[in-house]
Amino acid sequence: MGIKRILLPPVVAAGMILLASCGGGGGTTDPGIPVSEQIADFGNRPRWSPDGQRLAFAGTGADLGLWVWNRGTLALTRVTDEDHPHLYDYRWSPDGQKLAFGGAGAPIENTSGIFTVNADGSGLVRWHATGQDPDWDPDGSGLVFAENDAAAGLAGVFRLTFADTSVTRLTFTGLAPRYSPDGSRVAFRELAVSDTLAYRLKVMDPAGAAASTVADTCVTFDWTQDSDALIFSYGSYNPYTYVLDTRVSRVSAVGGPVIKLLSSAMDPSVSADRVLYVALYGDLIDGIYSAGLFGGDIAIISDTGYQPAVTPDGSAVAYTRNNGIWMANL
């Protein structure tokens with residue numbers, strides 16, 4: 001695609017104020033809360049490149065597709081459009097030059113399966129006709145991805161090698177495979193009971209061997225940067241008491257005790273020394289917060305927002321609001 005917009009703060013374009021600023025994002029002027037800036041007036045699910053200089057996110061409304069924002073130049077590039085719908089499962093390559101994603105279209109239209117595309121919108125390649133949740137091999141030579149059609153015998157975690165386009169089955173169940181930062185392990189979620197939405201958190205070696213359950217319930221997860229542990233969210237709802245129980249916990253990559261870090265919290269995103277997360281008040285979103293890798297040392301980032309994504313070095317967080325993508329320097 002390669003369609004670019006340059007955002008110059010503050011500027012009014014098509015009736016929208018772009019890169020508007022406000023402390024905490026919700027109108028607060030508390031000097032202890034970082035100032036948030038609006039990156040785009042549309043979109044959701046932001047994800048930083050490995051160097052923290054570019055941000056990918058999903059377009060919404062009339063701006064469907066994948067978009068990339070450049071932190072240095074403020075350029076906003078449309079990478080894909082509505083002709084190649086995605087599954088909100090895009091991931092950056094290790095060198096930050098490409099994105100991989102699962103296609104949400106129909107196989108007959110060649111818009112399903114596993115794709116890669118350059119960050120400038122060029123070089124779109126369909127590597128496999130089915131699949132979702134791709135994640136890059138640490139050396140960029142291939143991808144792990146998930147299949148989720150048990151009725152067709154296509155379920156589990158697979159590995160795709162770019163050089164010969166071969167696909168190897170690693171497991172017979174599993175979703176959202178993610179390499180550890182050092183490439184020594186792959187974590188994934190596995191449906192615990194077929195008629196529920198409960199997922200186990202499992203870890204295996206990159207060849208699919210030695211898979212073990214490290215947590216019985218998991219909604220989303222992220223690796224710590226030393227590859228030693230996983231920080232994950234869990235949520236349950238009691239229909240009798242009307243209580244929503246959400247928490248963020250930590251567990252070693254080799255298993256062991258699950259350590260509860262935060263209550264009324266979800267969607268953790270992990271930097272070198274912090275956990276960014278969504279805080280809840282009852283069943284309502286209460287904003288973006290930051291905590292230490294073992295809990296505690298809690299600080300508010302924004303009094304509104306969800307889907308936080310922190311840069312690997314912890315210098316900034318991007319997040320979603322109802323009116324688009326926002327960022328705060330930390």
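Annotations
- Cα-based convex hull, region 46-175, per residue volume (Å³, whole number): 108 Å³
- For Thr171, nonlocal amide neighbours, meaning residues 5 or more places apart or on other chains whose placed amide H falls under 5 Å from its own, are Val157.
- Ranked Val251, Val125, criterion: other C-beta atoms within 10 Å, fewest first: Val125, Val251
- Taking the centroid of alpha carbons for each part, region 96-138 and region 41-79 are 17 Å apart.
- Residue exposure proxy: Asp303, Asp81, ordered by other Cβ atoms within 10 angstrom of their Cβ from fewest to most, comes out as Asp81, Asp303.
- Distance between the 7 Å Cα→Cβ label points at Glu109 and Thr213: 3.9 nm.
- A Förster distance of 51 Å, applied to the separation of the beta-carbon atoms of Asp182 and Tyr281, puts the FRET efficiency at 0.85.
- Linear extension gain, Thr168 paired with Asp313, 0.36 nm per residue minus alpha-carbon span: 48.8 nm
- Label-point separation, Ala129 to Ala75 (7 Å along Cα→Cβ), nm: 3.7 nm
- With N counted as the residues of region 117-224, its alpha-carbon radius of gyration over 2.2 N^0.38 Å works out to 1.08.
Computed from the coordinates by the stated procedures, all read-outs in this text should not be read as laboratory data. Values in this document were obtained by computation on a predicted structure and should not be read as measured data. As a convention, Cβ positions derive from the backbone with ideal geometry for all residues, glycine included, and neighbour counts pool all protein chains shown.
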